[in-house]
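For reference, the structure discussed in these notes is given below.
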Amino acid sequence: MVGFKATEMPPTATVKFLGAGTAACIADLITFPLDTAKVRLQIQGESQGPVRTAASAQYRGVLGTILTMVRTEGPRSLYNGLVAGLQRQMSFASVRIGLYDSVKQFYTKGSEHASVGSRLLAGSTTGALAVAVAQPTDVVKVRFQAQARAGGGRRYQSTVDAYKTIAREEGLRGLWKGTSPNIVRNAIVNCAELVTYDLIKDALLKANLMTDDLPCHFTSAFGAGFCTTIIASPVDVVKTRYMNSALGQYSSAGHCALTMLRKEGPRAFYKGFMPSFLRLGSWNVVMFVTYEQLKRALMAACTTREAPF
């Protein structure tokens, strides 16, 4: 057995909730530069009018984008929006990942054998619920990642300033901008991510190819990241463009998608695919491996505290 051993008692809903948020924050800290590079590539080629972005920098590839940002804006630019990103993960991942098993059990009425349909329904439910809770943090994170530091004219000066400015200039609706495409995106992502992880892990265990430890968690998470990137990239690009858009630039997420298709062609929906895969693949590996270990560590700590002798 590699890592913490599984405890006899299954992890509680509270342990899963706290473990998921903490694991997601750790994953974000490690992979955030890739997420920022993805956002910059996704908005490249978009006309923003008076709104300042770094789209004019003409980024090329993941490494090229990161190097260009470091050269023109400094290394700290790779972590633009990190505070909002961590706020997002603590509220977002805790719900969509931490509550997944509980919602799945609700739909299967406690049965140990969950169908693919029940897993998909649980993933869609927690994904949509998480967006309703954490949407403002996602909007601020995307806006920060999209803005350039070089040359002045920064859109927001701090995370708190971003929340206040958006609420003042665009109203409370501005903080929930892009909720519809984000619900669609996260329902898709959650299903692809959690259900794929669930299915791969179950298949590996049932076939006795691996035991329930780190190598199994790593393999399942990597596969989940690859599948999720392929399925969710088009919706993710539209979400990023729409969230970052100036007031009135697009009338809806659908209008944003049609504008992209007309002006940039179908390939625009897969802009930033490589950083998306690198980010989602590495994020999934770090998050799921950490999450599995945190659940076991927390349950072991609870067991030890309840039975000291």
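The values are calculated or read from the model by the stated rules, or taken from the named source; none is laboratory data. Only a predicted model underlies this, so the values are computations on that prediction, with no experimental measurement involved. Reconstructed Cβ throughout: ideal geometry from the backbone, glycine too, with neighbour counts over all protein chains shown. Side chains are part of the model used for accessible areas, which takes the heavy atoms of the whole protein and leaves out ligands, DNA and RNA. Shrake-Rupley method; radii C 1.70, N 1.55, O 1.52, S 1.80 Å.
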Some residue of region 178-200 being open to solvent by 10 Å² or more (accessible area, probe 1.4 Å) and part of a loop (DSSP other than H, G, I, E, B): no
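A quick yes/no check of all residues on (1) surrounded by fewer than 18 Cβ atoms within 10 Å (Cβ to Cβ); (2) modelled with pLDDT of 90 or more; (3) in contact with a Ser or Thr (Cβ under 8 Å, 6 or more places away or on another chain); (4) not in a helix (DSSP H, G or I):
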{"residue": "VAL15", "(1), (2), (3), (4)": "no, yes, no, no"}
{"residue": "ALA20", "(1), (2), (3), (4)": "no, yes, yes, no"}
{"residue": "ALA23", "(1), (2), (3), (4)": "no, yes, yes, no"}
{"residue": "ALA27", "(1), (2), (3), (4)": "no, yes, yes, no"}
{"residue": "ILE30", "(1), (2), (3), (4)": "yes, yes, yes, no"}
{"residue": "THR36", "(1), (2), (3), (4)": "no, no, yes, no"}
Unique residue being open to solvent by 30 Å² or more (accessible area, probe 1.4 Å), outside the structural domain of ILE30 (by the TED database), among the aliphatic types (A, V, I, L, M) and under 28 Å from ILE97 (Cβ atoms) when the list is LEU278, LEU247: LEU278
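Does ASN208 count as within 21 Å of ALA114 (Cα to Cα) and in a loop (DSSP other than H, G, I, E, B)? Even if it seems obvious, please write down each step before you answer.
Working: within 21 Å of ALA114 (Cα to Cα): yes; in a loop (DSSP other than H, G, I, E, B): yes.
Considered against the rule, which asks whether it is within 21 Å of ALA114 (Cα to Cα) and in a loop (DSSP other than H, G, I, E, B), ASN208 comes out as yes.
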Pairs with Cβ under 6 Å, 6+ apart, first in region 142-153 and under 17 Å from ARG88 (Cβ atoms), second modelled with pLDDT of 55 or more and acidic (Asp, Glu): none
Scan of region 167-182 for residues that are touching a residue at least 24 places away in the same chain (Cβ under 8 Å) and more than 14 Å from SER251 (Cβ to Cβ), ordered by number: GLU169, GLU170, GLY174, LEU175, TRP176, THR179, ASN182
